[in-house]
Amino acid sequence: MCGIVGFVSTRDNKAEIIENMMDTIVHRGPNSSGVFTDDQVALGFRRLSIVDLSGGSQPIYNEDETKIIIFNGEIYNYEEIREDLLAKGHTFRTSADTEVILHGYEEYGVDIVKQLRGMFAFAIWDRETNELFGARDHFGIKPYYYAEMNGSFMFGSEIKSFLVNPDFNKQLNKKALKPYMTFQYSALEETFFKDVYRIPEGHYYTYKDGKLEITKYWDADFKEEDMTLEQAVDLIDEAVEESVKAHTTGEVNIGAFLSSGVDSSYVASVLRPDNTYSIGFGDKSYNESHEAKRLTDKLGLNNTSKVVTGEEAFDYFPLIQYHLDEPDSNPSCVPLYFLSEMASKDSTIVLSGEGADELFAGYQNYGFNTRNRPVRVFTETLKKLPKKARYSIARTIKKAPNFKGSMHMYTSLAPAEDFFIGQAEVFKEHEADTFLTKDYQESETVKTIVNRQYTKVKDLSEVKKMQYLDLHQWMPKDILLKADKLSMAHSIELRVPLLDIRMMEVAEQIPTKYLLNAENTKYAFRKAANRHLPDEWADREKLGFPVPIKDWLRTEKFYKQVREMFSEAFVPEFFEQDKIIQLLDDNYNEKNDERRKIWTIYTFLTWYKIFFIDGEKPKVG
């Protein structure tokens with residue numbers, strides 16, 4: 001795990017600029033650094049040593065030094081690719097996975113990305129053709145940004161590295177704020193920094209003579225196979241065991257994050273690491289570490305836990321948003337930061353459970369919105385009706401007064417496009433407009449954003465359409481982004497064995513009826529997990545790092561801290577200041593419960609103050 005940064009430019013002082021850019025991401029690679037510059041390009045690399053501790057420093061060159069690579073990530077099948085390349089006559093200087101990509105590019109061209117299994121963001125410079133080639137992994141586990149400004153093409157792992165490049169124009173992307181108010185994360189392809197974009201997940205790019213071309217090399221291809229439940233469970237369990245094993249490469253200590261949920265518990269029970277890590281907030285309802293400790297005691301594993309106080313959360317919150325590069329009001333950012341800090345004391349690699357909910361339909365929002373079993377069973381019967389009949393029933397339910405199980409029936413029968421935008425919906429669009437100033441009400445609509453994905457999978461089942469949307473919105477722009485940025489903030493590598501191309505090949509085959517049904521979400525996956533976990537552990541309801549925002553915002557000390565931010569002189573640029581203060585006051589006085597809306601506004605203002613007013617890394621204490 002490392003950090004990469006670079007730029008293509010004819011500037012003279014490249015060495016000084018690239019060093020400054022690298023300094024901003026030193027947390028991604030504290031062990032060593034490397035630089036290459038010539039009259040066309042500057043490449044910078046920060047290294048966290050994992051594989052080939054003595055010989056894996058970058059940049060790495062091919063045999064005649066005409067091609068140079070910088071790489072962030074891990075390739076789990078690099079040894080088999082390496083053997084093929086050796087047989088074809090390539091000479092290796094290291095045993096690192098990085099060099100496999102470089103020689104693979106020589107041998108196979110851009111198609112090397114289709115052979116890679118892992119998480120990656122890399123750039124290869126061809127000194128003969130002056131062409132830059134790069135790619136981002138299938139799911140977007142590794143971040144990858146780019147910007148074209150003032151004759152310079154910049155790219156790298158974190159946006160903050162661009163800010164010190166003299167060719168970078170720092171401007172707020174005004175169109176990013178309104179969608180963020182709904183989604184809780186940066187939802188557009190253009191980031192919160194104007195003219196800074198992401199290389200999309202599953203894409204590679206070439207840049208030559210000032211021309212950028214981005215090409216898709218992979219996408220999810222759901223194709224249900226005819227199989228029994230037992231066959232589905234066997235496939236999943238075999239894939240999980242194989243993937244966890246594949247994700248244990250490295251010459252350093254490997255631990256695991258552990259919550260009370262099935263995903264991380266499954267990974268830990270298969271991995272059996274020396275150390276597991278859990279987090280909580282004191283109150284039992286917000287403290288998953290109690291259940292995590294129960295599990296590790298049963299499995300005979302060591303568990304380290306920490307209770308985070310409200311004071312710590314608020315003290316470190318600006319630093320958390322700094323590391324994220326863009327505002328993200330997902331409350332789980334707070335515990336994840338402290339979990340990573342705790343793990344970094346004795347592990348360099350940690351395995352986590354991200355990805356299972358998207359691959360195997362684990363979210364209740366996919367259509368599991370009642371505890372009433374008879375309603376669930378009846379709804380499963382209705383789901384067998386032709387599409388037009390299902391949609392007609394859903395429209396009738398939507399117009400009818402609420403009744404027990406109506407939400408469950410509606411979300412199970414309606415077209416996904418009619419109600420599902422992902423795993424977060426903070427402000428409705430019209431609500432956002434009542435708080436935003438006029439200049440910030442213009443943007444792409446929520447419908448436009450989600451339909452960009454839905455139009456690609458209009459013939460799939462409703463569940464699979466929702467999975468597809470989450471694979472391209474929620475997962476790379478929220479879940480994976482915070483996982484990478486907040487683990488790397490503490491110089492540890494987070495690996496996600498449940499989100500792997502081999503796991504995806506299995507998930508694509510599983511019939512929808514074994515994903516979500518009257519019994520549970522993620523049904524077949526839970527059955528597979530139960531082969532390793534104590535009885536009933538795999539059926540636990542997902543909590544997802546519960547965070548006591550409700551309590552904090554009704555605690556005088558923290559309420560005043562948020563109110564102080566809402567009262568700042570820069571706030572009226574974005575929000576109707578009186579309205580957001582009233583929203584906060586009413587929540588504090590228990591006239592409403594708008595904690596998520598308040599937290600989303602507070603998050604943006606905290607982030608904006610860091611990057612556009614203070615202009616420096618926040619200090620704690």
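Fewest-first ordering of HIS490, HIS290 by other beta carbons within 10 Å of each residue's beta carbon gives HIS290, HIS490.
Normalising the average separation of contacting C-alpha pairs (under 8 angstrom, six or more residues apart) by the number of residues puts the relative contact order of region 549-614 at 38 percent. Across the options ALA416, MET119, SER278, the greatest Cα extent toward the positive end of the charge dipole of the chain (unit charges at beta carbon of Lys, Arg, Asp, Glu) belongs to ALA416. In a reduced charge model with +1 at each Lys and Arg Cβ and -1 at each Asp and Glu Cβ, region 451-511 shows a dipole moment near 220 debye about its Cα centre.
Our analysis of region 138-260 gives Rg over Rh at 1.09, with the two radii drawn from alpha carbon positions and Rh computed by the Kirkwood formula.
Say R0 is 30 Å: what FRET efficiency, to the nearest 0.05, do ALA569 and ASN589 get from their beta-carbon distance? My answer for the efficiency is 0.75. When the Cα gyration tensor is reduced to axis lengths a ≥ b ≥ c, the ratio a/c is 1.5 or higher for region 175-321, and with a/b not above b/c it is classed as oblate. Between GLU429 and GLU444, the distance separating the two model label sites (each 7 Å from Cα on the Cα→Cβ line) works out to 1.3 nm.
Rounded to the nearest 20 debye, the dipole size of region 256-383 about its Cα centre is 820 debye, using +1 on the Cβ of Lys and Arg and -1 on the Cβ of Asp and Glu. A Förster distance of 22 Å, applied to the separation of the beta-carbon atoms of LEU319 and ASN31, puts the FRET efficiency at 0.50. With the Cα gyration tensor of region 549-614 giving a ≥ b ≥ c as the square roots of its eigenvalues, does the rule (a/c under 1.5 for rounded; else a/b larger than b/c for prolate; else oblate) give rounded, prolate or oblate? It is prolate, given that a/c is not under 1.5 and a/b is the larger ratio. Put simply, when 186-193, 84-91, 295-302, 275-282 are sorted by average Cβ atoms within 10 angstrom per residue, most first, you get 275-282, 186-193, 295-302, 84-91. If you wrap the Cα atoms of region 2-216 in a convex hull and average its projected area over all directions, you get 11.5 nm².
Under the criterion of Cα pairs below 8 Å and six or more residues apart, the relative contact order for region 292-385 equals 15 percent. Each of ARG371, ARG272 was scored by other Cβ atoms within 10 Å of its Cβ. Arranged with the fewest first, they read ARG371, ARG272. Arranged from fewest to most other beta-carbon atoms within 10 Å of their beta carbon, ILE141, ILE81 become ILE81, ILE141. Taking 30 Å as the limit for the C-alpha separation, the pairs LYS384/LYS428; LYS223/LYS383; LYS245/LYS458; LYS245/LYS384 exceed it in the case of LYS384/LYS428; LYS245/LYS458; LYS245/LYS384.
Beyond a 29 Å Cα-Cα separation, which of these cross-linked pairs lie in this structure: LYS194/LYS216; LYS216/LYS465; LYS160/LYS211; LYS399/LYS527? Violating the 29 Å Cα-Cα cut-off are LYS399/LYS527. Put simply, when 143-153, 220-230, 376-386 are sorted by average Cβ atoms within 10 angstrom per residue, most first, you get 143-153, 376-386, 220-230. Ordering GLN364, THR348, LEU235 by Cα displacement along the dipole of the chain toward the positive end leaves GLN364 in first place; charges were set at the Cβ atoms of Lys, Arg (+1) and Asp, Glu (-1). As a length-normalised measure over Cα pairs under 8 Å and 6 or more apart, the relative contact order of the chain settles at 16 percent. Sorting 463-476, 172-185, 236-249 by their mean Cβ neighbour count within 10 Å, with the most densely packed peptide first, gives 463-476, 172-185, 236-249. Computed about its Cα centre, the charge dipole of the chain is approximately 2400 debye, with only Lys, Arg, Asp and Glu carrying charge at their Cβ.
Place +1 on the Cβ of every Lys and Arg and -1 on the Cβ of every Asp and Glu in region 2-216, take the dipole about the Cα centre, and give the residue among HIS27, ASN62, ILE4 whose Cα lies farthest towards its positive end. It is HIS27, whose Cα lies furthest towards the positive end. Please report the net charge: other residues with Cβ closer than 9 Å to the Cβ of THR206, K and R +1, D and E -1. After counting each charged neighbour, the total is 0. Sequentially through region 570-586, phi angles give Karplus couplings (6.51, -1.76, 1.60; θ = phi - 60°) of 7, 5, x, 4, 10, 10, 5, 4, 4, 6, 6, 5, 4, 4, 5, 4, 5 Hz, Gly and Pro residues having no value and appearing as x. Over the chain, dividing the summed -39,500 (n - 2.57) contributions of all DSSP H runs of at least 4 residues by the number of residues returns a 222 nm mean residue ellipticity of -11000 deg cm²/dmol.
Coordinate-derived values only; no laboratory data. Fair warning: this is a prediction, and the values are worked out from it, not measured in the lab. Note that we place each Cβ from the backbone using ideal geometry, even for glycine, and neighbour counts take in every protein chain shown.
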